[in-house]
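Report on one structure; see the data block that follows.
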Amino acid sequence: MNDVAFHIPIGVGALSTAEAQQRLIADGPNRLVAAARRSWWKRWFGPFADPMVALLLVAAPTYLFIGEATDAIVVLVALIPIAGVGWVLEARSERTLEKLRLLIAPTASVIRDGELVSVLTEEIVVGDVMLLHEGDIIAADVQLVDLTQFLVDESTLTGESLPAVKSIDGDDHDDRAWAGTTVLAGRALARVTATGARTRYGQIGTLVAGVRSPATPLQRALGRLVRVLAIVAAVVCAAVMAAELLRGRGFGQAVIAGVSLAIAAIPEEFSMVYALYLALGAWELARGDALVRRLPGVETLGSTTVICTDKTGTLTQGRLAVAAVVTGAVVTPHGNELATFLTNAVLACEPDPYDPLDRAIVDYAEHAGISISAVHRAALVADWPFDPVDKYITHVWRLADGTHHVVAKGSIEGVMRHVAATSDSAATREMLRVAQQSHDTFADQGMRVIAVSAGNSDGPSGNRSGDESGLTYAGLIAFSDPVREGVAEALEQCRTAGIRVIMITGDHPATAHAVAEGLQLPHDGIDGDLIATGDQIDAATDAEFTALAATANVFARTRPEHKHRLVVELRAQGEVVAMTGDGTNDAPALRAADIGVAMGKRGTEVAREAATIVLLDDNFATIVHAVRNGRRIYDNLAHAFGYLIAFHAPLLLTALIVPLLGRPLLLLPVHLILLELLLHPVVSLVFQADAAEDDVMTRAPRPASSGLGFAALWRPYAVGIALAGGILGLYLGALARGWSTEQARGFGFAALLASQALLLVVERAPHAPFWSVGLRPTVQLVGAFGVIALATVGSVYLHPLATLLQAEPFPASGWVVLFVVIIVTTIWSEPLKRRSPKGH
């Protein structure tokens with residue numbers, strides 16, 4: 001259907017833009033389910049719920065209590081940049097998500113100022129006149145004012161599986177349609193009667209808003225890790241405070257020791273880093289024409305093992321052009337025979353063609369000299385919709401001379417089942433034999449082929465089989481649809497990445513075979529080519545279908561329900577499935593898949609709403625690029641988590657062991673403040689900006705069940721423990737040699753700061769020694785190195801900063817010992833990486 005060409009009835013009474021704006025202000029946005037947005041006070045005071053901020057709010061009055069006013073002021077002042085980091089990171093994440101929301105915001109076609117325009121569904125108001133067609137999710141309650149064969153799926157409201165047939169002449173709300181329901185067929189003009197919470201759907205929308213998606217394996221593992229460490233921190237903090245009190249340190253000193261340990265132990269950064277990386281990763285994918293509608297899908301991309309993809313428009317360009325025609329038994333018709341056939345073909349199309357196939361036929365006929373305006377002087381008196389089983393449509397026309405003519409077009413199998421000719425005629429049998437032979441020849445060349453039938457009619461009978469009784473076979477039309485540029489290379493990447501690709505098409509098996517051959521898509525079976533068909537799926541037992549799903553890479557003559565069954569079976573076999581779809585009936589398969597991929601250009605609103613990812617360019621290569629980016633994002637996230645674990649271990653152990661040994665505290669809250677100000681920018685900028693590893697698309701997919709297990713993180717734990725031992729040795733050894741507490745503290749803290757640069761280098765290459773992959777410098781890494789160097793030197797020699805940190809310069813020879821210790825305790829595990837398994 002062509003929206004622009006749709007007839008607007010006289011007197012429809014559409015709104016002006018000014019009227020619509022006034023009503024939008026009065027009634028509010030058309031949101032069926034209110035958006036869950038944080039209130040302003042939660043956004044501003046949210047960072048103060050950060051565990052570290054809460055602990056510092058305890059530390060500040062404690063310092064005042066024990067007479068350390070300077071330290072109290074420092075802690076309170078430090079709250080500003082620490083909370084600021086939280087504000088900046090949250091604002092960056094929210095801006096990213098808002099941009100994504102705007103990109104995927106649903107739109108609707110309405111009449112404003114007498115013209116058809118596209119507006120956001122949130123801007124629809126009562127009184128607007130909307131244009132609805134197949135695949136639309138109706139955005140408001142409406143009253144239909146004009147329609148053609150309009151069918152609506154109201155199961156979301158009523159639970160009734162049968163489609164509702166609408167009529168403007170009927171009773172019992174037959175002329176009404178409701179928000180949240182789906183247009184299955186036809187088109188209509190409808191006036192909006194209710195919006196937002198005042199619609200039927202909006203009244204139950206709070207129930208929909210309460211639904212939450214299940215957590216991913218990584219989310220569950222992350223939650224367990226944070227909970228366990230928080231419990232351990234609480235118990236150990238209580239023990240340290242008790243030990244300090246037993247030694248007679250005083251309540252204030254005991255609280256400071258406990259607060260220091262709690263700040264060091266609680267890994268509040270993990271959840272923040274996870275959310276930030278997924279949000280920024282989603283924006284990065286959007287720049288590559290893949291819009292992520294559900295953020296956990298970014299994580300799941302890296303685990304994809306099977307991609308089920310449509311052929312037309314995804315593997316191919318989706319731009320059909322007539323390549324050849326066959327009329328009757330004549331392969332290359334000319335003159336009147338060709339003109340008659342093309343006239344029938346045009347009559348089998350919609351009057352205002354929207355479908356690419358119809359437009360290709362009309363364009364070809366026009367170039368062949370057929371007057372389209374003359375053909376359309378006939379009146380369409382019966383329009384039988386697409387039959388999803390036999391895949392054909394039928395039109396009955398009243399010609400200018402008053403006679404009636406019936407035409408049909410669709411799959412060769414479906415059309416042949418409905419022609420009136422019998423197989424008793426030798427001429428008919430020969431004609432059908434040539435038709436099948438021609439069809440197979442075209443299909444072998446990768447063309448899409450449809451059959452056309454036509455005949456005289458007595459006029460519309462009100463019964464489809466009666467109207468089709470006069471049909472006889474007329475001929476074939478072959479269309480070419482070239483393979484998209486870059487698809488062959490993308491398929492090769494999938495093979496090296498261990499991802500299986502399954503092509504699904506409604507076309508003839510021979511067409512599917514030709515495309516698979518051209519793309520070198522494996523489709524070999526025991527007895528030759530293995531191409532499963534929809535009929536085979538229907539006839540297969542559960543065991544037979546299990547075998548088909550495990551071995552067949554090409555499925556032809558399929559229907560949407562076959563896609564759904566295939567997805568369910570593949571997931572039952574343990575696969576992580578990405579499924580593409582563009583039609584309304586593809587929604588169940590898209591929802592059933594681990595990653596539903598909808599087409600942005602030709603996909604229906606229903607398909608896009610059901611999908612995890614929407615492709616803006618409808619290109620298979622974009623899916624593969626998204627998988628590659630998904631793997632990169634997960635790798636960088638895992639590297640950041642490794643750094644956080646290695647970073648927290650020395651903080652926790654030094655904050656625990658030093659007071660238990662009865663020695664002066666190495667780490668005071670002010671030291672942890674400085675580390676916190678360094679930590680967030682380092683993690684959010686350095687790892688997130690790293691490019692993909694060289695083997696990102698040559699290793700097997702990451703298991704979907706993998707999380708943050710010990711097997712994946714044992715090395716960061718070990719490195720952190722070794723580093724903690726080195727720093728403790730430096731600090732306690734300095735005290736034993738008679739250095740002052742301030743010198744020893746400066747010595748130990750400088751070692752901890754300097755070690756961050758080495759941890760960054762080590763954790764950016766977790767599967768190979770860093771010297772074998774190189775430093776791979778980025779602007780973010782160089783900046784982090786600079787900040788760490790300045791902080792390390794300044795903590796000792798910059799007098800105001802050293803005074804705040806209660807540190808003093810130590811002998812110059814100590815720097816040599818310091819660097820030797822941190823180098824040994826951080827890079828000792830590098831040779832072991834050669835024996836570490838690849839992947840995550």
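The values are calculated or read from the model by the stated rules, or taken from the named source; none is laboratory data. All figures in this text were calculated on a predicted structure; none of them were measured in a lab. Positions of Cβ are backbone-derived with ideal geometry, glycine not excepted, and every protein chain shown enters the neighbour counts. Please note that ligands, DNA and RNA were not included when accessible areas were found on the heavy atoms of the full protein model with its side chains. Shrake-Rupley method; radii C 1.70, N 1.55, O 1.52, S 1.80 Å.
Pairs are defined by a Cβ separation below 7 Å, a sequence spacing of at least 6 or placement on different chains, a first member in segment 242-255 that is under 16 Å from P669 (Cβ atoms), and a second member that is part of a helix (DSSP H, G or I) and acidic (D, E); the pairs so defined are Q253/E244; A254/E244. Within segment 237-249, the set of residues being open to solvent by less than 30 Å² (accessible area, probe 1.4 Å) and of a type outside the set (D, E, K, R) comprises C237, V240, A243. Residues that are over 21 Å from F819 (Cβ atoms) and under 32 Å from the mean Cα position of the chain (by Cα) number at least 1 in the following helices (runs of 4 or more DSSP H) confined to segment 699-809: 710-736, 770-773, 779-797.
M431 fails exactly one of the following numbered conditions: (1) touching a Gly at 6+ places or on another chain (Cβ under 8 Å); (2) crowded, with 16+ Cβ neighbours inside 10 Å; (3) of a type outside the set (G, A, S); (4) at pLDDT 85 or above. What is the number of that condition? M431 satisfies every listed condition except (4). The residues in segment 435-455 that are among the hydrophobic types (A, V, I, L, M, F, W, C) and either open to solvent by 70 Å² or more (accessible area, probe 1.4 Å) or at pLDDT below 80 (or both) can be counted, and the count is 1. If you check G774 against the conditions, is it open to solvent by less than 60 Å² (accessible area, probe 1.4 Å) and in contact with a helix residue (DSSP H, G or I) (Cβ under 7 Å, 6 or more places away or on another chain)? Answer is no for this residue. When residues in segment 485-503 are screened for being closer than 22 Å to D444 by Cβ and either in a helix (DSSP H, G or I) or more than 22 Å from the chain's Cα centre (by Cα) (or both), 3 of them pass. In summary, A592 fulfils each of the numbered conditions (1) open to solvent by less than 30 Å² (accessible area, probe 1.4 Å); (2) more than 20 Å from C494 (Cβ to Cβ); (3) touching a residue at least 60 places away in the same chain (Cβ under 8 Å) with the single exception of condition (3). When the test is whether a residue is crowded, with 24+ Cβ neighbours inside 10 Å, under 22 Å from P703 (Cα atoms) and modelled with pLDDT of 80 or more, G297 does not pass it.
Pick from L735, L728: which is in contact with a Lys or Arg (Cβ under 7 Å, 6 or more places away or on another chain) and among the hydrophobic types (A, V, I, L, M, F, W, C)?
Going through L735, L728 in turn, the sole match is L735.
Residues that are aliphatic (A, V, I, L, M) and more than 21 Å from T622 (Cα to Cα) number at least 3 in the following helices (runs of 4 or more DSSP H) confined to segment 536-592: 542-551, 560-572. Yes or no: segment 474-481 includes at least one residue that is within 30 Å of I412 (Cα to Cα), in a helix (DSSP H, G or I) and open to solvent by 40 Å² or more (accessible area, probe 1.4 Å). So far as segment 474-481 goes, no, none of its residues is within 30 Å of I412 (Cα to Cα), in a helix (DSSP H, G or I) and open to solvent by 40 Å² or more (accessible area, probe 1.4 Å).
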